[in-house]
Amino acid sequence: MPFTPPSRTLSGPRRRTLLASAAGALALAGCSSPESSTDTTGGSPSAADRARARGALDSLALAERYATVITAHPALAERLRPLRAEVLRHAAAFGTAEDASASASPSASASASASASASPTAPVDQKGALAGLAAAERTLADQRAKTLLEVPGELARLLASVAAAGAAHAFLLTEGTK
């Protein structure tokens, strides 16, 4: 059977092809403009960026406190190293130190440096050193639990997770010392 051409010759693309192309182009246009991480108020960092930066700086300051206690009390090193490593992973989850210092507001930087300098030396006794770390973990967990109410979804989940980990660290630090 021979091939017979259609009775009407197509002069261009079909209607379905045009509609599908237009829908695809609109979808791509919507996906190609990423959300800006800055407000429309002069390009300052958003609340989420500031919370991320503060989270990273606070975790780094807490890790420094752990390092100070480990140096002062080598007998506690085996117990504290895994907790310190976890705190450093929290800092990494919030972002790098460079990102944190670039996005942090002066008050966040001041609070992180204040918390880091609040305990430049570890207490002489091990029990006091552990109590100080537990208090720092508790304080930071409480602060993060309050902050998660002010930030969008994914960051709120990260803050909740890190706050819960901090509360668990505080429990582990005080376990058996009472």
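For the condition modelled with pLDDT of 90 or more, in a helix (DSSP H, G or I) and over 29 Å from HIS73 (Cβ atoms), what is the one hit in ALA141, ALA160, ALA135?
ALA160
Which of the residues spanning the stretch 144-157 are exposed (fewer than 14 other Cβ atoms within 10 Å of the Cβ) and either in contact (Cβ under 8 Å) with a residue 12 or more places away in the chain or assigned to a loop (DSSP other than H, G, I, E, B) (or both)?
GLU150, PRO152
Only one residue in ALA91, ALA108, ALA170 is at pLDDT 95 or above, under 13 Å from ARG54 (Cβ atoms), in a helix (DSSP H, G or I) and open to solvent by less than 20 Å² (accessible area, probe 1.4 Å), so which one is that?
Values: ALA108 fails: at pLDDT 95 or above; ALA170 fails: under 13 Å from ARG54 (Cβ atoms).
It is ALA91.
If a residue has to be open to solvent by 10 Å² or more (accessible area, probe 1.4 Å) and either closer than 19 Å to ARG138 by Cβ or in contact with a His (Cβ under 8 Å, 6 or more places away or on another chain) (or both) to count, how many in the stretch 77-87 make the cut?
Count: 5.
For the stretch 45-57, how many residues are open to solvent by 10 Å² or more (accessible area, probe 1.4 Å) and either assigned to a helix (DSSP H, G or I) or polar (S, T, N, Q) (or both)? Please lay out each step first, then the result.
At the first step, the residues of the stretch 45-57 found to be open to solvent by 10 Å² or more (accessible area, probe 1.4 Å) are 45-52, 54, 57.
Pick out the ones that are also either assigned to a helix (DSSP H, G or I) or polar (S, T, N, Q) (or both) and you get 46-52, 54, 57.
Qualifying residue count for the region: 9.
The values are calculated or read from the model by the stated rules, or taken from the named source; none is laboratory data. Bear in mind the structure is a predicted one, so any value in this text is a computation, not a measurement. Here Cβ is always computed from backbone atoms with ideal geometry, including for glycine, and neighbour counts include all displayed protein chains. Side chains included, ligands, DNA and RNA excluded: accessible areas come from the protein's heavy atoms. Shrake-Rupley method; radii C 1.70, N 1.55, O 1.52, S 1.80 Å.
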